[in-house]
1. Rank-order A:296-305, A:218-227 by packing density, defined as the average count of other C-beta atoms within 10 Å over each peptide's residues, highest first.
2. Which FRET efficiency value, to the nearest 0.05, do you get for A:GLU443 and A:VAL471 by plugging their Cβ-Cβ distance into 1/(1 + (r/R0)^6) with R0 = 41 Å?
3. Cα centroids of the range A:355-406 and the range A:176-251: how far apart, whole angstrom?
4. In the range A:395-474, which chymotrypsin sites (Phe, Trp or Tyr not before Pro) are in a loop and have at most 16 other Cβ atoms within 10 Å, using DSSP for the loop call?
5. In terms of the Cα gyration tensor, with a ≥ b ≥ c the square roots of its eigenvalues, is the range A:19-112 rounded because a/c is under 1.5, prolate because a/b exceeds b/c, or oblate?
6. Rounded, prolate or oblate, given the Cα gyration tensor of the range A:134-190, with a/c below 1.5 counting as rounded?
7. Taking the simple approach of a point 7 Å from Cα along Cα-to-Cβ for both A:VAL345 and A:ARG399, what is their distance in nm?
8. Bins of 10 Å, beginning at zero and ending with the bin holding the largest distance: percent of Cα pairs per bin for the range A:136-277, please.
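Please treat every number below as a calculation from the coordinates, not as lab data. Since the structure is predicted, the reported quantities are computational estimates derived from the model, not experimental observations. Here the Cβ positions follow ideal geometry from the backbone for every residue, glycine too, while neighbour counts run over all protein chains shown.
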Amino acid sequence: MADLIEDSGAAGGNAPEYTVSEISGAVKRVVEGEFPHVRVRGELGRVSRPRSGHVYLDLKDERAVLSGVIWKGTAARLQTQPEEGLEVVATGRLTTFPGQSRYQLIIEDLRPAGQGALMALLEQRKKALAAEGLFDAARKRPLPYLPEVIGVVTSPSGAVIRDILHRLRDRFPRRVLIWPVAVQGERCAPEVANAIRGFNALPRGGAIPRPDLLIVARGGGSIEDLWGFNEEIVARAAAESAIPLVSAVGHETDTTLIDFVADRRAPTPTAAAELAVPVRLDLLSWLDGQGGRLTHAVSAAMARRGERLRDLARGLPRPETLVEWPRQRLDSLADRLPAALRAGVQARRVALSEAGGSLRPGLLARALAGERRRLETCGPRLAPALSRRVEAGREALARRADRLTLRPIESEIARGRQRLAEQGGRLDTAFARQVEAQRRRLESADRLRETLGYTATLKRGYAVVRGDGVVVTRKAEAAQARALEIEFADGRLAVGGRPRKPGDGAPPPEQGTLF
Amino acid sequence: MTEAKPVEQMSFEEAMRELETVVTQLERGDVALEESIRLYERGAELKARCETKLKEAEEKVAQITLDGQGQPTGTTPAGDL
């Protein structure tokens, strides 16, 4: 032994030498040969689904992690879709991935590790949806009393749809629309969700009648079989359904996620049909009863009124008795009328004769004579009284006329004349002052004008240049003028224009430079 | 009163509810004669409406046909279920 170890240590150089690819290939063969079919239990860690359709995931326990891959074709067939946190048993083979010095499990089947794992997942989803308020009682709507059209989401073959139709037929035959779906397997959840949304998307009055009630039904099965109805997309589609929805999935003891969001949960498909419609025969007999009560109530009311009318009629007195007493009163009054008339006339005649007795002509004549005497004494005093009054007035007038003279009026005129003269003098002075002031303003304005005007500026040595009679301020304008004229303070000097003889007294023309 | 809605547009349940109200009112017996006649006529109409709805008890079962995308294309009569 010792030799052997020593030999191998010494003969290190003789060990076969692998390339990286060779050793990787050797490891691959060993791993694949040793683990062609294994079942591995663990919790699913990170699950990623790239666009390729393959699923990459980690299987883990407390101490180790194993990479796994599910090829696209396998993934589509899986009953349980991998989900992080799910306890699973994966079946497959181990292989290596030489490119990254890794080994991994190629998964061919993936099952939840017992019902406990699925129940735990379900509880987790229930909590999440309950927290969103999707199970609130306030969200539940009442089912229509008698739906015209019932939409059933289920498998078109099998006992479930037959049970529903059978019970509907017994109770109240209705129009039924079946939306066929897979009720287990991986197609189940998306198809059921699509069917619920599809029924809701049907327009009112369209070619396909829109149901007033939906039943989502499936027969009993294992928790794995019913798993599609625990998927979140199904629960959300049911919660969003505008059409009232009854769930009837599995047996009474199976509770799936859709049961919590449905408006009503039926323990079985048959029970769903019972929730959906009332019993027609019951309604017919109820209607008969109502008809009977209606007729009876009215006829009883009529009979009661008839009886009351007869009772009242009996209590009514005979017409003759009503007029007997007034007639008797009339007779008695008629008897008393002539006598009363006579007595009335007699009484008035007596009163007239009494009044007439005191009326005599002597009384009137005495009063008349008294008045006449008063008139006769007053008449003669009338004329003297009037002439006395006129005389007094005349005297008063004469006294007033004496006091009437012209003097106050004349002194008033003299005062007025004096005031007129005074005012005239003041007017003249004021006018002269005004004229003087205006003249001074004019003079000062003129002085200002001269200062501001250009002529003053000319005295300071500036000159004004005119070209063809117009003031020019720019060289370009001057260059274009035919003749220029310069104005100094003491006169104007023409430049250019008509040619002048030299020595003319004009400055040398500058056209040479201008043109 | 719920008489705003014409009887011929009522659902079975609406007609049923009002018929019950009408019958109860008439049975109480405290409505005036004119009103009771009007109520009776209304009740008779409602009863006829309920009868019509109960007579419309026809079973018709159809299955939705779907295209490749799962969209409904129409219906086909369901077989003997």
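1. My ranking of the peptides, most packed first, is A:218-227, A:296-305.
2. Efficiency, rounded to the nearest 0.05: 0.90.
3. Distance between centres, Cα-based: 132 Å.
4. Hits after loop and neighbour filter: A:TYR462.
5. Since a/c reaches 1.5 and a/b is larger than b/c, the shape of the range A:19-112 is classed as prolate.
6. Taking the square roots of the gyration eigenvalues as a ≥ b ≥ c, the range A:134-190 is oblate.
7. It is 8.1 nm.
8. Cα pair-distance distribution for the range A:136-277, in percent: 13, 49, 34, 4, 0.
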